[in-house]
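Report on the structure given below.
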Amino acid sequence: MFKKRLFAIIVWFATLSATGAIADVAHTTLDAANRGAAEEAVTRRLLDQLRSIKIPLSQAVVIAEHLHDGSRTADISLEISGPPVYRVRTVKNERIWENVIDANTGSVTEKEISSSLRELDHEDQGNIIALKSVELELSDAVRIAEKAAEGSALAGGLKKQDGKTNFVVIIANGDRLKEVVLEPPKVERQGSVRR
């Protein structure tokens with residue numbers, strides 16, 4: 001579901017407070033030394049597009065969630081293969097919706113794709129199921145990541161790896177990309193938060 005990014009893992013750790021919940025944050029600066037020439041060109045183009053769009057990623061999340069009341073965003077990414085758009089997946093119960101939202105107008109630009117959780121591959125199913133076990137919303141993770149990395153989000157999603165569930169958010173800061181990893185607090189069965 002959340003497209004795998006080409007980025008390294010953790011440089012530093014910090015603890016932030018978000019809406020009463022604590023999330024562990026780590027991010028890595030992704031400079032030219034860590035990327036090849038082709039990746040560098042794509043990154044430059046992506047950063048240029050990000051500077052010119054009118055709808056921030058956080059607003060695209062809100063737009064997508066309003067399409068299906070009560071849904072939660074599972075992942076979102078900015079795409080620049082044509083006019084800049086956000087590809088966003090929302091989930092509610094056992095349904096997943098994929099929408100494409102114009103990054104300049106906020107309008108839905110392609111026909112919605114709807115599917116059942118059972119139609120996804122094992123990894124994607126695991127990420128969606130993991131979303132039910134965390135209290136933090138992707139929109140909260142984006143806000144925390146943007147603050148921690150002092151930039152603008154261009155992709156984000158929940159990723160289950162090595163038995164841990166983390167939000168991964170890609171942030172543009174100046175001419176650099178940063179991967180921010182947040183470990184959200186888990187929701188216990190009684191509805192209380194385990195820290």
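The values are calculated or read from the model by the stated rules, or taken from the named source; none is laboratory data. Because the structure is a prediction, the values reported are computed rather than measured. So basically every Cβ, Gly included, is an ideal-geometry build from the backbone, and we count neighbours across all protein chains shown. The protein model used for the area step is the full one, side chains on, heavy atoms only, and it has no ligands, DNA or RNA in it. Shrake-Rupley method; radii C 1.70, N 1.55, O 1.52, S 1.80 Å.
Observations on the structure shown:
- Filtering segment 67-80 to residues that are acidic (Asp, Glu) and either part of a strand (DSSP E or B) or open to solvent by less than 20 Å² (accessible area, probe 1.4 Å) (or both) leaves ASP75, GLU79.
- Boolean, ILE170 is at pLDDT below 85, under 22 Å from ASP48 (Cβ atoms) and open to solvent by less than 60 Å² (accessible area, probe 1.4 Å): no
- Candidates PRO56, PRO83, filtered to the one that is within 23 Å of LYS159 (Cβ to Cβ) and open to solvent by 40 Å² or more (accessible area, probe 1.4 Å): PRO56
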